[in-house]
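All of the numbers you see were taken from the coordinates with simple rules; none came from a lab. As the structure is a computational prediction, the values presented were derived from the model and not from experiment. Neighbour counts run over all protein chains shown; Cβ positions are idealised from the backbone, glycine included.
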Protein chains: 2
Amino acid sequence: MERILSADVKAHVGGEVLVRGWLHKKRLIGGINFIVVRDRGGLVQVVVQDESEIAKLQGLQVGTVLSVQGQAVAEERAPGGAEIHQPKITVEVPVTDEPPIEIDKPLSHKPENLDTLFDNRVLGLRNLREQAIFKIQAETKEAFRKFLRSQDFTEFNSPKLLAGATEGGAEVFKLDYFGKEATLAQSGQFYKQMMVGVFERAFEINPTYRAEPSATTRHMTEFIHIDAEVGFITFPELLDLLSNCLSFVIDHVWETCKTELKMWQAEKPKLSAKVPALTMTEIHSLYSKATGTDTTNELDLIPDEERWICEYGKKELGSEAVFVTEWPKADAKFYHKMMEDKPDKAKRCDLLFRGVEIATGSMREHRYDKLVAQLKEMAGGDPESSGFKYYISAFKYGMPPHGGFGWGLERTVEKIIGLANVKEATLFPRDINRLAP
Amino acid sequence: MERILSADVKAHVGGEVLVRGWLHKKRLIGGINFIVVRDRGGLVQVVVQDESEIAKLQGLQVGTVLSVQGQAVAEERAPGGAEIHQPKITVEVPVTDEPPIEIDKPLSHKPENLDTLFDNRVLGLRNLREQAIFKIQAETKEAFRKFLRSQDFTEFNSPKLLAGATEGGAEVFKLDYFGKEATLAQSGQFYKQMMVGVFERAFEINPTYRAEPSATTRHMTEFIHIDAEVGFITFPELLDLLSNCLSFVIDHVWETCKTELKMWQAEKPKLSAKVPALTMTEIHSLYSKATGTDTTNELDLIPDEERWICEYGKKELGSEAVFVTEWPKADAKFYHKMMEDKPDKAKRCDLLFRGVEIATGSMREHRYDKLVAQLKEMAGGDPESSGFKYYISAFKYGMPPHGGFGWGLERTVEKIIGLANVKEATLFPRDINRLAP
């Protein structure tokens, strides 16, 4: 008999079905005896009355792999609207040890319990609510690709093994490469810019490495970065691109992950047609006035300001996402383009969403002479060195005006669901203290 | 006036158009003067007769960024079937140095010229024939995702930073992780198996690292691996899955990359409905008979045998892809499942395609006791050590029969196009001698 999924039992009501999966819950204490079986379709309840069937499950624990053949019966109160009666159970793989965590109840995500959550991740992911996070992550990633491909972007893969640190030497992992030193890429920045000279519009979605020396709720040493770059674009067009991308991703996830979002009571974010843009000076001024904490001399937003301005956006501007523009040159990268009318400000936009920066974009300096000057002045870099010369050559031989963004996958999923720590949205998170499982 | 792409000029014949892109070719030597402009749509020819327009291009080299406004005129012999007449040219970004390579002619892929090819990769990719390789790569990757998602697989991301080597200690990169030692993942093997306990069917497409100490035509230190794993599957079903996946990928690429495949005169591979499976013993015997070279005592296929059996498959079995089955246990991994009737053979299948192994699949030992025994016996591993204990816990608490595969993206693209070296199908290849650009 062919196996069907738990989710399809309802469609077979009145007939006989075979399901295979894991024992998810067992309640064989007299009265109404039942078990719950989990498969990739979800859960199905199996009413077990026959003593010989009950005996088969004696001493077996959650996780036991079973096949169950029986009658599909409509039952409104059961998950999926149907259950299986008069089962013949076959134990395929017995589990006799009790699992270290209960997987049929919501697992705690309190800050003090996160280590337990991650230590038990391999089994904890068998909890449907945990799974939901990563179903949402998969669809979020798919949405980014769908959007970018629809906008004529070509996907590429840049190397993560590099000869030297590119964007700055501090937070870089070093490794032994056949006796030489190599580093792990902190972003696909240089490569995606080179690809503008090739495809005009290019993106990659790949792991990125930062030797972040502190354990915070927003940083990890390894994360998935959506790196995109566009030739022949203006700054307002770049803002529109990010804005449209966010709307597309949110709509896609709310269309494809209804059940999963419901498990987390995730509310669809309020977004205006275009994400409103505020300058850093405006935000400092609004925040300082509202809170009494003076941030007007900060080069960046302080974390509480990021939270506050998103609240402000939601209440006053009808958007839970906000752009921060006009970043001070003192905080800029050498490849950023400065504003024509304000040469001490960079044409950069950070996208804040529900209190956290999820993406950062900017126009890039595309003029060879100017770029070389900024590399020397702002980064102390040598344009002839092997870390820069290939990158610089793309400009020497013609690069159009261009801009792009880096977007964090896990932070986006964190904020879509309403989690408090980016690691909760990461399958196997890595930070200074954690390298396992 | 709004910019259009070169590919759309034909649709505007009779009207005025604006294109923006790179000077790709310049022929201003009297008679019929023209330039060719490249953008993400391809190439468009611009006939330049006006002396003042010709003067603007004086001293400018290929790569110069231009905008060109003029009349769209039908011209059968021009690329795209149309060209631009009476242009007004604006030089957006002048390039005055001659590029180190000619990008409007096919670049040499001869083995002795590959270093030149890769040293000049940043500019060489502006050649349309080189671009074509990576358009095909992008669609190949998309095809894998499309196929696997259609088969109910959930995409995930496993960490590439690990506490210790997993599958074997030799070819692993080590790095300094805040004073501790970490390694780079050689595959997503353990994680994808753990994910069977979660999603039943899961895949990731991510970089993989091997400290391969030799420079060959088939190995790199960093490559993109399609890692997939399936619960509740049998070995014949696994063969079917790989077979269907290959057919889907080939069909998708031949549908979406017509122009690009034509540039390489790539022939659509001959494939039978199912990829034919031969045991290693059968192949050794066929090869030894046909060539006189005795390989019957080899634990693996020798490279020439891989090439030969694919030729044999094409001629005798109507398929340019062949499965190799029944691998000797002596060459197996500890997580492989052995055959019930031949315990010295593993239930493994390598997928050979046009002379090279592009994928390797196997059934995995899913029984906890048996797996622990094989780990100790075949790999000398300690199931309590941090490198294995999380992996092993998935089995302790219930894993169904399962199998899966690892599939190399670049090798697949290499063989689709008919290239001779996997590095030719890699944007910025990495091997023992190459860490740049």
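Dipole of chain B (Lys/Arg Cβ +1, Asp/Glu Cβ -1, origin at the Cα centre): which of B:422, B:379, B:132 lies farthest to the positive side?
B:132
Determine the alpha carbon to alpha carbon distance for each of A:56/B:342; A:26/A:262; A:174/B:180; B:141/B:347 and list only those over 21 Å. Walk me through the numbers on the way to the answer.
On the way: A:56/B:342 31 Å; A:26/A:262 25 Å; A:174/B:180 12 Å; B:141/B:347 27 Å.
Table pairs above 21 Å Cα-Cα are A:56/B:342; A:26/A:262; B:141/B:347.
Looking at the range B:1-88, send over the antiparallel percent of its DSSP beta bridges, to the nearest 5.
90
Mind checking which of A:247, B:191, A:199 is farthest towards the positive end of the protein assembly as shown's charge dipole, using Cβ charges of +1 (Lys, Arg) and -1 (Asp, Glu) about the Cα centre?
A:247
I'd like the distance separating the alpha-carbon centroids of the range B:1-53 and the range A:66-135, in whole Å.
62
Please average, across the residues of A:147-158, the number of beta carbons from any other chain that are within 10 Å of each residue's own beta carbon, and give a whole number. Mind showing how you got there, number by number?
Values: counts 0, 0, 2, 0, 0, 3, 2, 7, 7, 8, 15, 3.
Mean shielding count: 4.
Quick check on chain A: helices-only [θ] at 222 nm, where DSSP H runs of length 4 and up contribute -39,500 (n - 2.57) each and the sum goes over total residues. Nearest 500, please.
Counting only the DSSP helices, I get -9000 deg cm²/dmol.
For a distance above 16 Å, tell me the whole-number percent of Cα pairs in the range B:136-240 that qualify.
On the way: 3511 of 5460 pairs.
Of all Cα-Cα distances in the range B:136-240, 64 percent exceed 16 Å.
How big is the dipole moment of the range A:128-425 about its Cα centre under a simple scheme where the beta carbon of each Lys and Arg is +1, that of each Asp and Glu is -1, and everything else is neutral? Debye, nearest 20, please. Don't skip to the end; give the middle numbers.
Details: 39 positive and 46 negative charges, 99 e Å.
The dipole magnitude comes to about 480 debye.
So, in nm, how far is label residue B:341 from label residue A:13 when the simple model puts each one 7 Å beyond its Cα toward the Cβ?
My value for the distance between the label points is 4.6 nm.
Which listed residue (B:44, B:238, B:213) has the Cα farthest towards the positive end of the charge dipole for chain B, taking +1 on Lys and Arg C-beta and -1 on Asp and Glu C-beta about the Cα centre?
B:44
Where along chain A is the Cβ that lies nearest the axis linking it to chain B, and how many Å separate them?
Here the value is A:175, 2.
Rounded, prolate or oblate: which fits the range A:250-349, taking a ≥ b ≥ c as square roots of the Cα gyration tensor eigenvalues, rounded meaning a/c under 1.5, else prolate when a/b beats b/c? Don't jump to the answer; show the numbers that get you there.
On the way: a/c = 2.61, a/b = 1.70, b/c = 1.53.
Note, shape of the range A:250-349 comes out prolate.
Give the peptides B:177-186, B:112-121, B:238-247 in descending order of average Cβ contacts within 10 Å, highest first. Please list the in-between numbers first.
Values: B:177-186: 17.6, B:112-121: 15.5, B:238-247: 20.1.
Ranked by mean Cβ neighbours within 10 Å, highest first: B:238-247, B:177-186, B:112-121.
Would you tell me the mean number of C-beta atoms belonging to other protein chains that fall within 10 Å of each C-beta in B:363-370, as a whole number? Working shown, then result.
Values: counts 0, 0, 0, 3, 2, 5, 0, 0.
Mean shielding count: 1.
Along its principal axes, what span do the Cα atoms of the range A:40-118 show, with the longest given first and each in whole Å?
45, 30, 20
Classify the range B:313-437 as rounded, prolate or oblate, taking a ≥ b ≥ c as the square roots of the eigenvalues of its Cα gyration tensor: rounded when a/c is under 1.5, otherwise prolate if a/b is larger than b/c and oblate if not. Mind dumping the intermediate values first?
Values: a/c = 2.73, a/b = 1.51, b/c = 1.81.
Because a/c hits 1.5 or more and a/b fails to exceed b/c, the range B:313-437 counts as oblate.
Projected area of chain A, taken from the Cα convex hull and averaged over every viewing direction, in nm²? Don't skip to the answer; put the middle values down first.
Details: hull surface 103.7 nm².
Over every viewing direction, the Cα hull of chain A projects on average to 25.9 nm².
State, to one decimal in nm², a quarter of the convex hull surface area for the C-alpha atoms of the protein assembly as shown, i.e. the direction-averaged projected area.
Values: hull surface 162.3 nm².
Mean projected area of the Cα convex hull: 40.6 nm².
Once you charge only the Cβ atoms, +1 for Lys and Arg and -1 for Asp and Glu, what is the size of the charge dipole of the range B:6-93 about its Cα centre, to the nearest 20 debye?
Values: 10 positive and 10 negative charges, 61 e Å.
Using Cβ point charges on Lys, Arg, Asp and Glu, the range B:6-93 gives about 300 debye.
Using the crude model of +1 on Lys and Arg Cβ and -1 on Asp and Glu Cβ, and no other charge, please compute the dipole size for the protein assembly as shown relative to its Cα centre, in debye to 20.
On the way: 112 positive and 130 negative charges, 126 e Å.
For the protein assembly as shown, the charge dipole is close to 600 debye.
Could you pull the copy-to-copy label distances for residue A:106, with points set 7 Å along Cα to Cβ, in nm to one decimal and sorted shortest first?
Distances between equivalent label points, in nm: 6.3.
Quote the FRET efficiency, to the nearest 0.05, computed for residue A:214 versus residue A:25 with a Förster distance R0 of 30 Å and r equal to the Cβ-Cβ distance. Could you put the intermediate results ahead of the total?
Values: r = 40 Å, r/R0 = 1.34.
So, using R0 = 30 Å, E works out to roughly 0.15.
Simple spin-label model, 7 Å along Cα-to-Cβ: residue A:330 to residue A:149 in nm?
Each label point is offset 7 Å from its Cα along the Cβ direction, giving 4.6 nm.
Using the alpha-carbon centroid of each, what span in Å lies between the range A:319-354 and the range A:211-274?
Cα centroid of the range A:319-354 versus Cα centroid of the range A:211-274: 18 Å apart.
Rounded, prolate or oblate: which one fits the range B:165-223, using the alpha carbon gyration tensor with axes a ≥ b ≥ c (rounded when a/c is under 1.5, else prolate when a/b beats b/c, else oblate)?
Numbers: a/c = 2.54, a/b = 1.36, b/c = 1.88.
Oblate, since a/c reaches 1.5 and b/c is not below a/b.
Taking chain B as the reference, fit the longest principal axis to its C-alpha atoms, fit the long axis of helix B:303-312 to the helix C-alpha atoms, and give the angle between the two in degrees, 0 to 90, nearest 10.
80
Residue separation times 0.36 nm, minus the C-alpha to C-alpha distance between residue A:74 and residue A:377: what's the value?
Numbers: separation 303, 0.36 × 303 = 109.08 nm, distance 7.27 nm.
Using 0.36 nm per residue and subtracting the Cα-Cα distance, I get 101.8 nm.
Averaged across A:33-39, how many Cβ atoms of other chains sit within 10 Å of each residue's Cβ atom? Show your work: numbers first, answer last.
Numbers: counts 0, 0, 0, 0, 0, 2, 4.
Across the residues of A:33-39, the mean count of other-chain Cβ atoms within 10 Å is 1.
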